[in-house]
């Protein structure tokens, strides 16, 4: 039933007890006069929400701590990557300088007669080497590679098979012609006939550019020099090709354009050597991010970490 100890008589209960003769009436009066404690919904809900806020903030702190570790790992990898790539560019630059020195030494040698049986392995030894060939051009089998730029003007490179005295054929890049001279009938002076001696540079098979289209030999469209494909079409050697040399005199080039003669290769090394720029870029990135990482590691615990610990 009711707990007598928890019931405190009020004025109304004393009034009832004064006229009630029995003990049961007194107990009933006490029960009727009992006022239960009021439930403060706002206070309890506020305490509950405060506990929930503490838990939610702790969870956010843990997530923030995980994100800070990931950010720190990324920041730590950036300088490492910068120093690695910078060192790799140092090796690339040294390799490029040695290659340029080798090609310049080949250009300084006097012209040599091109060997009759020059395979791909020996062609690398003749790379950028001046050579002489005697024979005749097969103009009826020429191919145009384009578009190609020369002094800001669009045109083509003329690729013509050259048949030597021993019967072997070599693809020769005769040089650049303007787009308006693409048809052979518009450049009769550029179609050298009979037996001739030409001077050129031996070059290994070039690679295809990433953004270049595939050749369409059935339509006569060629976008890059594919020795295996184009040499196979005319029965030419597929291990190397020759770039015909052109005198860089400007007045000659103007006359060649008027006559429709191809403007050939200038005998010089055209390898780009931009590795020093990359070295400076990557090493600078490594130094800057290393300083940022050093400052980050020396900073005291931030507010988020302090609040997480307090929670």
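Bear in mind these aren't lab numbers, they're just calculated from the coordinates by the rules spelled out. Since the model is a prediction, treat every value here as computed from it, not as a measurement. Virtual Cβ from ideal backbone geometry, glycine too; neighbours counted across all protein chains shown.
Below, the figures for the structure above:
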| quantity | calculated |
| --- | --- |
| R0 of 25 Å, Cβ-Cβ distance residue 270-residue 94: FRET efficiency to nearest 0.05 | 0.80 |
| Neighbour-count ranking [beta-carbon atoms within 10 angstrom, fewest first] of 197, 242 | 197, 242 |
| Extension gain from residue 277 to residue 102, taking 0.36 nm per residue of separation minus the Cα-Cα distance | 60.7 nm |
| Sorted by Cβ density within 10 Å, fewest first, the residues 185, 284, 290 | 185, 284, 290 |
| Rough spin-label spacing in nm, given labels placed 7 Å along Cα→Cβ, for residue 140 and residue 166 | 2.6 |
| FRET efficiency, residue 259 to residue 224 (Cβ-Cβ, R0 25 Å, nearest 0.05) | 0.40 |
